[in-house]
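These notes are about the structure you will find just below.
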Amino acid sequence: MKLVRYADRPDLLERRDLSEQTFPEFMHHNEPGARWWRFLYDRFPDFQLALLEDEVLVAEGHSLPVPWDGSPDDLPSGWSEAFERGMTSERAATVLSALAISVHPEEQGRGLAARMLEAFRAAARAAGLTDLIAPVRPTWKERYPLIPIERYQEWRREDGSHFDPWLRIHERVGGEIIAPAAESMELAASVADWEEWTGMPFPDDGTYVFPGGLAPLEVRDGVGRHVEPNVWVRHRL
């Protein structure tokens, strides 16, 4: 396998984005992503990485440097604030914040997500940053959308490892859970949009559990609002 920067292989950008295959459709309609994603490749080329096997794109990772003084009070509220801070803050960046890791569905289970985390760590070290932080989207949280993230992040298996597979991988390679991100990303759109994204009708105002959602969707007056919870994980370098 070969790890490359998208900056060195712009032809890869013409292929289908792996995130389209690994994240629910509604995730692609967040406001910070719509505003800033296209600038990642030019402004932070060292942190947009692709993993190739015989020229086949099997995994990719996106991240950006952000300022954080290491204290709980200064930790971004979640994915959206980290993205915004990395793009707009005048403070010097100190840590690398992950934005997304995607593994091709046919290649999952081969340890490629852990390999991408190590690639992030190496890129952060090379840039002189102190830590890698990640607003982790827990894999199995969609099965328990009514459980608060503060409780979910505490769940453990009998052997002490984390209940959630993605959080378990982070801990296995040295990450530590440091805080819940109960309001990591907010998505608000018309009911018609939500029905298109989820393939599910929302005929009346109310609270709905929907496919792929880590928390319920609140529908009021023709607008659906979803607040995505994540878990902050820190990898000390």
The stretch 105-220, relative contact order [Cα under 8 Å, separation at least 6], %: 23
Relative contact order [Cα under 8 Å, 6+ residues apart], the chain, whole percent: 20
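Scanning the chain for GluC sites (Glu not before Pro) in DSSP loops with at most 12 other Cβ atoms within 10 Å, what's the longest stretch left with none?
Working: sites that count: Glu55, Glu90, Glu154, Glu158.
Counting only loop sites that pass the neighbour cut-off, the longest clear stretch is 159-237.
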For Ala59, distant residues with modelled amide H under 5 Å away: Leu51, His104
From phi via Karplus (6.51, -1.76, 1.60), per-residue ³J(HN,Hα) for the stretch 76-84 in Hz, x at Gly/Pro: x, 5, x, 4, 5, 5, 4, 4, 4
Whole-Hz ³J(HN,Hα) from phi, Karplus 6.51 cos²θ - 1.76 cosθ + 1.60, for the stretch 155-161, glycine and proline x: 5, 10, 7, 4, 7, x, 6
The stretch 1-116 - Kirkwood radius from inverse mean 1/r over Cα pairs (Å): 15.1
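Loop only by DSSP, 10 or fewer other Cβ within 10 Å of the Cβ. Give me the trypsin sites (Lys or Arg not before Pro) in the stretch 105-175 that pass, ordered by residue number.
Within the stretch 105-175, the qualifying trypsin sites (Lys or Arg not before Pro) (loop, at most 10 other Cβ atoms within 10 Å) are Arg157.
Can you pull out the trypsin sites (Lys or Arg not before Pro) in the stretch 16-60 whose DSSP state is coil and whose Cβ has at most 15 other Cβ atoms within 10 Å? Walk me through the numbers on the way to the answer.
Values: sites: Arg16, Arg35, Arg38, Arg43; in loops: Arg16.
Passing sites in the stretch 16-60 are Arg16.
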Calculated Rg and Dmax of the Cα atoms in Å (choose from [x] 18.9, 59; [y] 16.6, 50; [z] 17.6, 52), label: [z]
For Val223, residues with placed amide H under 5 Å, excluding near neighbours: Val191
Interchain or long-range residues, amide H under 5 Å from Val136's placed H: Val231, Trp232, Val233
J(HN,Hα) series, the stretch 38-45, from Karplus relation 6.51 cos²θ - 1.76 cosθ + 1.60, nearest Hz, glycine and proline x: 5, 8, 4, 5, 8, 7, 9, x
Kirkwood estimate for the stretch 35-80, i.e. one over the average of 1/r between Cα atoms, Å: 12.9
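Could you work out [θ]222 nm for the chain from helices alone, using -39500 (n - 2.57) per DSSP H run of at least four and dividing by all its residues? Round to the nearest 500 deg cm²/dmol. Before the final figure, lay out each step's value.
Working: 8 runs with 59 residues, N = 237.
Value at 222 nm, helices only: -6500 deg cm²/dmol.
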P(r) histogram, all alpha-carbon pairs of the stretch 60-158 included - 5 Å bins from 0, percent: 2, 12, 19, 20, 19, 16, 9, 3, 0, 0
Among Phe23, Phe47, Phe83: highest mean-square fluctuation, GNM of the chain, C-alpha pairs under 10 Å: Phe23
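No value in this document is a laboratory result; all are computed from the given coordinates. Please read these numbers as outputs of a predicted model, since none were measured by experiment. In this analysis, Cβ positions are derived from the backbone assuming ideal geometry, glycine residues included, and neighbour counts consider all displayed protein chains.
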